[in-house]
């Protein structure tokens, strides 16, 4: 199973390599547009499956304001799904607003888990 840390490392490698960047960045923009999550008011980090212990711990570390915003976006998207309508275009999440707010906390929690596992498996 890929961790968020390994995904970030792979993404950094792709962005550092000009050939890979020229292939993957336009492709990723195409797939983001096709996914349509911004049209219902969601950010990319809102799509992260939140039923794992690592994500639960990261969510518990979110500031109250960001946690409220995440819940509001989720409820708005659920309402859009129920009514089968998209938000008005002025309410769509813009590309510059779609910043990773949960990822720093996920990386922090994964580092703690890896450190705990390393310390639990020390052989003397």
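What to note about this one:
- Residue list for the stretch 48-76, restricted to those being touching a residue at least 40 places away in the same chain (Cβ under 8 Å), in a loop (DSSP other than H, G, I, E, B) and under 14 Å from the mean Cα position of the chain (by Cα): 48, 62
- Scoring residue 24 on the criteria (1) surrounded by 13 or more Cβ atoms within 10 Å (Cβ to Cβ); (2) assigned to a helix (DSSP H, G or I); (3) under 14 Å from the mean Cα position of the chain (by Cα) leaves a single failure, condition (3).
- Residue 39 vs. criteria under 19 Å from residue 4 (Cβ atoms), at pLDDT 95 or above and in a helix (DSSP H, G or I): no
- Residue check for residue 72: more than 27 Å from residue 112 (Cβ to Cβ), out of contact with any helix residue (DSSP H, G or I) (no Cβ under 7 Å at 6 or more places or on another chain), surrounded by 10 or more Cβ atoms within 10 Å (Cβ to Cβ) and modelled with pLDDT of 95 or more: yes
- Selection status of residue 96, in a helix (DSSP H, G or I), loosely packed, with under 11 Cβ neighbours inside 10 Å and under 16 Å from the mean Cα position of the chain (by Cα): yes
The values are calculated or read from the model by the stated rules, or taken from the named source; none is laboratory data. Everything numeric here is computed off the predicted structure, so don't read it as measured data. Note that each Cβ is placed from the backbone with ideal geometry, even for glycine, and that neighbours are counted across all protein chains shown.
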